[in-house]
Amino acid sequence: MILNEEVLKHALIGGTILGGGGGGSREEGILLGREALKYGSPELMPIEVLKDEDIVVTVSAVGAPAAKDKYITGDDYVRTIELLKKISGKDIAGIITNENGGIATINGWLQSAKLGIPLIDAPCNGRAHPTGVMGSIGLHSLENYVTYQAAAGGNKENGMYTEIMTKGSIDNTAKLVRQAAIAAGGLVAVARNPVSVKYLKKNAAIGGIHHAIELGKAFYEGLEESGEKAVKNVAEVLNGIILTEGTIRRFNLNTSGGFDVGSLWVNEYELTFWNEYMTAEADGKRIATFPDLIMTFDKNTGFPVTSAEIKNGQEIIIIKADKSNLKLGSGMKDKKLFEDVEKILDKEIIKYVF
């Protein structure tokens with residue numbers, strides 16, 4: 001699939017929706033995508049174009065999207081590929097994104113366009129997730145596995161620019177990258193986890209980017225009629241339902257440890273989020289639990305809004321779709337990775353998922 005302005009339009013909306021409250025800002029995704037298209041028309045390729053032994057790396061942004069001092073340029077995304085090649089010594093045959101989201105779905109477009117490395121439709125996860133380990137496609141569970149990660153970001157003019165190269169376990173390197181994001185003002189571009197195509201075929205969310213593009217098409221088809229029709233189309237494509245619509249009567253957001261954490265209330269519903277929406281409850285009864293997709297839309301425009309963009313008093317529509325209707329990577333199948341969610345939110349998660 002040749003990537004152009006029309007595909008960008010659909011990918012950004014579909015990706016933002018599949019971000020489930022996280023995955024970065026669609027506005028920043030527009031800028032990143034258009035910058036990539038200045039260098040030509042990169043192509044989204046199926047994983048079958050590569051050999052099983054070829055090496056593919058994951059690219060992403062890591063941090064808190066609501067951080068006031070966050071700063072990433074297109075050069076930072078490209079720089080991480082250069083740093084990763086330097087520390088790992090590996091030839092990179094393909095690039096994948098870590099997840100879907102407003103920025104995340106576009107991750108890799110610029111690197112592919114500028115460096116000529118194929119962009120492969122095999123994201124680590126078909127929806128957004130809060131921690132780097134969740135997007136590690138099961139590598140954290142491999143005994144003695146050693147990975148490489150590189151990160152860059154921050155405003156050079158105020159002395160916050162930071163870049164790191166790190167080698168070690170998935171968990172330790174992910175924590176170092178998160179600390180780099182904090183040092184850089186809240187967000188960094190990342191390249192990480194060189195793996196074989198053979199491994200990806202078993203553990204990635206194959207076709208996840210195409211899924212986002214098709215979802216975006218359905219959204220815009222509905223938008224020709226109304227914002228509410230656009231949201232209904234999304235729910236239908238995902239085999240989901242509209243939970244409620246109304247005015248946000250209470251909203252809490254704290255940026256801490258490189259994450260956005262908080263909650264909001266609409267009618268009888270409470271949503272909690274850790275970058276992404278984690279739970280939906282109605283009068284205390286659990287209705288949906290991550291990795292189920294919970295997403296918010298502006299009632300007046302129909303457009304999706306992330307947890308970092310939500311405002312108290314805003315009129316929104318809330319939808320949910322069961323995880324069985326999503327394309328998920330192997331990181332979503334590890335019970336241990338959900339323990340941190342329970343600690344952060346002080347809510348039971350695991351018993352609703354596994």
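The values are calculated or read from the model by the stated rules, or taken from the named source; none is laboratory data. All figures in this text were calculated on a predicted structure; none of them were measured in a lab. Don't worry about glycine lacking a Cβ; one is built from the backbone with ideal geometry, like all the others, and counts go over all protein chains shown.
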Requested in this report: Would you mind stating whether Gly29 is small (Gly, Ala, Ser), outside the structural domain of Leu271 (by TED's automatic domain parsing) and surrounded by fewer than 24 Cβ atoms within 10 Å (Cβ to Cβ)?
Outcome: no
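Residue-by-condition table, conditions (1) part of a helix (DSSP H, G or I); (2) small (Gly, Ala, Ser); (3) farther than 30 Å from Tyr277 by Cβ; (4) in contact (Cβ under 8 Å) with a residue 60 or more places away in the chain:
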{"site": "Gly24", "(1), (2), (3), (4)": "no, yes, no, yes"}
{"site": "Ile30", "(1), (2), (3), (4)": "yes, no, no, no"}
{"site": "Leu44", "(1), (2), (3), (4)": "no, no, no, yes"}
{"site": "Ile81", "(1), (2), (3), (4)": "yes, no, yes, yes"}
Report task. Answer yes if at least one residue in the stretch 72-79 is among the small types (Gly, Ala, Ser) and modelled with pLDDT under 90, and no otherwise. Result -> yes
**Report entry** Residue check, Asn233 assigned to a strand (DSSP E or B) and either touching a Gly at 6+ places or on another chain (Cβ under 6 Å) or of a type in the set (Phe, Trp, Tyr) (or both)
**Finding:** no
Query raised in the report: If you take the residues of the stretch 231-255 that are among the hydroxyl-bearing types (Ser, Thr, Tyr) and at pLDDT 95 or above, which of them is farthest from the chain's Cα centre (by Cα)?
Result: Thr247
Report task. Would you check if Ile310 is surrounded by 20 or more Cβ atoms within 10 Å (Cβ to Cβ), of a type outside the set (Gly, Ala, Ser), within 19 Å of Phe251 (Cα to Cα) and modelled with pLDDT of 95 or more? Result -> no
Report task. Inspect all residues belonging to the stretch 155-163 and state whether any of them is within 17 Å of Val188 (Cβ to Cβ) and of a type in the set (Lys, Arg). Result -> yes
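Table: residues versus (1) closer than 25 Å to Glu225 by Cα; (2) among the aliphatic types (A, V, I, L, M); (3) modelled with pLDDT of 95 or more; (4) not assigned by TED's automatic domain parsing to the domain that holds Ser263.
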| residue | (1), (2), (3), (4) |
| --- | --- |
| Leu293 | yes, yes, yes, no |
| Thr301 | yes, no, yes, no |
| Val305 | yes, yes, yes, no |
| Gln314 | yes, no, yes, no |
| Ile318 | yes, yes, yes, no |
| Lys323 | no, no, yes, no |
| Leu326 | no, yes, yes, no |
| Lys333 | no, no, no, no |
| Lys336 | no, no, no, no |
Query raised in the report: How many residues does the stretch 165-193 hold that are surrounded by fewer than 21 Cβ atoms within 10 Å (Cβ to Cβ) and assigned to a strand (DSSP E or B)?
Result: 4
Query - Enumeration of residues in the stretch 281-307 that are buried (at least 24 other Cβ atoms within 10 Å of the Cβ) and of a type in the set (Gly, Ala, Ser) - result: Ala288, Ser307
Query - So Gly258, is it modelled with pLDDT of 95 or more and touching a Gly at 6+ places or on another chain (Cβ under 9 Å) - result: no
Query raised in the report: If you go through the stretch 239-252 one residue at a time, do you hit one that is assigned by TED's automatic domain parsing to the domain that holds Ile13, of a type in the set (Val, Ile, Thr) and either surrounded by fewer than 19 Cβ atoms within 10 Å (Cβ to Cβ) or more than 18 Å from Gly21 (Cα to Cα) (or both)?
Result: no
Query - Sole exception among (1) assigned to a strand (DSSP E or B); (2) touching a residue at least 24 places away in the same chain (Cβ under 8 Å); (3) of a type outside the set (A, V, I, L, M, F, W, C) for Gly331, by number - result: (1)
Query raised in the report: Only one of Lys38, Lys68, Lys51 is charged (D, E, K, R), modelled with pLDDT of 95 or more and out of contact with any Ser or Thr (no Cβ under 7 Å at 6 or more places or on another chain); which?
Result: Lys51
Report summary line: By residue number, the members of the stretch 340-354 that are out of contact with any helix residue (DSSP H, G or I) (no Cβ under 7 Å at 6 or more places or on another chain), free of Cβ contacts under 8 Å to residues at least 24 places away in the same chain and not basic (Lys, Arg) are Asp346
Query raised in the report: Is it true that Glu214 is surrounded by fewer than 16 Cβ atoms within 10 Å (Cβ to Cβ), out of contact with any Cys (no Cβ under 9 Å at 6 or more places or on another chain), within 30 Å of Val57 (Cα to Cα) and not assigned by TED's automatic domain parsing to the domain that holds Ile170?
Result: yes
